[in-house]
1. Please go through segment 115-144 and give me each residue that is out of contact with any Ser or Thr (no Cβ under 8 Å at 6 or more places or on another chain), basic (Lys, Arg) and within 18 Å of Pro83 (Cβ to Cβ), ordered by number.
2. (1) in contact with a strand residue (DSSP E or B) (Cβ under 9 Å, 6 or more places away or on another chain); (2) of a type in the set (S, T, N, Q); (3) part of a helix (DSSP H, G or I): which one isn't true of Ser44, the others all being true?
3. So in segment 1-37, with the set limited to residues that are under 20 Å from Ile140 (Cα atoms) and surrounded by fewer than 16 Cβ atoms within 10 Å (Cβ to Cβ), which one is modelled with the highest pLDDT?
4. Taking Ala97 as the residue in question, decide whether it is closer than 17 Å to Asp211 by Cβ and either out of contact with any Leu (no Cβ under 9 Å at 6 or more places or on another chain) or small (Gly, Ala, Ser) (or both).
5. Kindly check whether there is at least one residue in segment 81-89 that is closer than 26 Å to Ile145 by Cβ, assigned to a helix (DSSP H, G or I) and modelled with pLDDT of 95 or more.
6. Suppose the filter is surrounded by fewer than 20 Cβ atoms within 10 Å (Cβ to Cβ), out of contact with any strand residue (DSSP E or B) (no Cβ under 6 Å at 6 or more places or on another chain) and not in a helix (DSSP H, G or I); does Glu71 pass it?
7. Can you name the condition, by its number, that Ala152 falls short on among (1) modelled with pLDDT of 65 or more; (2) of a type in the set (A, V, I, L, M, F, W, C); (3) buried (at least 23 other Cβ atoms within 10 Å of the Cβ); (4) out of contact with any strand residue (DSSP E or B) (no Cβ under 6 Å at 6 or more places or on another chain)?
8. Taking segment 37-66, which residues are in contact (Cβ under 8 Å) with a residue 60 or more places away in the chain and either in contact with a Lys or Arg (Cβ under 8 Å, 6 or more places away or on another chain) or β-branched (Val, Ile, Thr) (or both)?
Amino acid sequence: MNTLKVWTLMGALSALLVLLGNKIGGPSGAILFFVISLGMNFFSYYFSDRMVIAMTGSQPVSEREAPELYEIVKKITQRAGLPMPRLFITPSPQPNAFATGRNPANSAVAVTEGLLQVLNRDEIEGVLAHEIAHIKNRDILIGTIAAAFAGAISLIANAIQWGAMLGGFGRSDEGEGAGSFLASIALAIVAPIAALIIQMAISRSREYLADETGARLAGRAGGLASALLKLERAAQQIPMQVNPAASHMFIVNPLSGESLLRLFSTHPPISERVRRLQSIRL
C-alpha cells in the first residue's frame, strides 16, 4: 500500500510541475518540467534523508556526545527489529522531532535541542518510539518526497508570480495580457496549496498509526501522550525557523503558532491523538 502511495504522490506532484512548466513555456516548458520531475523523483528517492536533514539544518551527533539518546534509540530499534538509524540534533529551542530516509537501512532520526531540555526520559522515549514507528511502517519516504516536491513547487510558483508581475510571462497576443497575468497569479497561489493538500491527505493517517505503533514499541502510551501535550504548547509559544515544505515531517507541526499556516495543518489534532493513545490497551 505504501508503495502505491509513493507512486501516486510522485505522479500527482509531477503533474503539478508539468502544468507549471506549460504555463511558463508552453509545450516545450511542459517537457522541460517533466524531465525535471523525473530527476527530482530519482533524487528524492535516493537522497531523501540528506535532503530533509539539509532543509532543517540538523547536525549529526555521536554516541559519545549523546549517550542517553543513543541508549534509548538502540533499545527501541532492537524491539522493532530495525537497524540503528543515524542520529541528528536540530538547532532549535522548540521541542520537536522527525524521521527521514527511504527505508530502514537508510534512515535517520533527528530531535531538537529543545526536546532534550523540555521532556523527561519517558517522554523522550515515547517521541523516539513514534519516529522509529514511522521507519518501521515504511512511511517516511512518502513524507520526504512530499517535502521535496512541495518545496520545489513553491519556488517555481513564486518565480511565476514575480515573472507575471514583471511582465515576463504570458502570451504576446493582443488582448490576452491581462488574462495571462491573472492566470499566472492564480496558478502561483494554487500550486503550493495543492502540494500542501497532498501532504495533508497522506500525513494525518500516518500520524495515528505511528502513535499506536510507537506506544507498543515503548511498552506504554503515557510517555508519548504527555510529550504531545508539551510539544503542542511549546510549538505555539516558541517559533521555529524551518522550511514550511518540511513541516509535515515533524511529530508536531512546528509552525502551528502561525494562524494562516494552521489552516493547512498536516497533523491531526493533538487532543484526538492523545485520546487514541489513552484508549490503547498494552
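1. Hit for segment 115-144 is Arg138, nothing else.
2. For Ser44, the failing item is (1).
3. The qualifying residue modelled with the highest pLDDT is Gly11.
4. Details: closer than 17 Å to Asp211 by Cβ: yes; either out of contact with any Leu (no Cβ under 9 Å at 6 or more places or on another chain) or small (Gly, Ala, Ser) (or both): yes.
The answer is yes for Ala97.
5. Restricting attention to segment 81-89, the residues satisfying the condition of being closer than 26 Å to Ile145 by Cβ are 81-89.
Right, trim to assigned to a helix (DSSP H, G or I) and you get none.
No; the residues of segment 81-89 include none that is closer than 26 Å to Ile145 by Cβ, assigned to a helix (DSSP H, G or I) and modelled with pLDDT of 95 or more.
6. Details: surrounded by fewer than 20 Cβ atoms within 10 Å (Cβ to Cβ): yes; out of contact with any strand residue (DSSP E or B) (no Cβ under 6 Å at 6 or more places or on another chain): yes; not in a helix (DSSP H, G or I): no.
Criteria not met by Glu71.
7. Looking at each condition in turn, Ala152 falls short on (3).
8. Of everything in segment 37-66, those that are in contact (Cβ under 8 Å) with a residue 60 or more places away in the chain and either in contact with a Lys or Arg (Cβ under 8 Å, 6 or more places away or on another chain) or β-branched (Val, Ile, Thr) (or both) turn out to be Tyr45, Ser48, Asp49, Val52, Thr56.
The values are calculated or read from the model by the stated rules, or taken from the named source; none is laboratory data. In this text the structure is predicted, and so the values were computed from the model without any measurement. Positions of Cβ are backbone-derived with ideal geometry, glycine not excepted, and every protein chain shown enters the neighbour counts.
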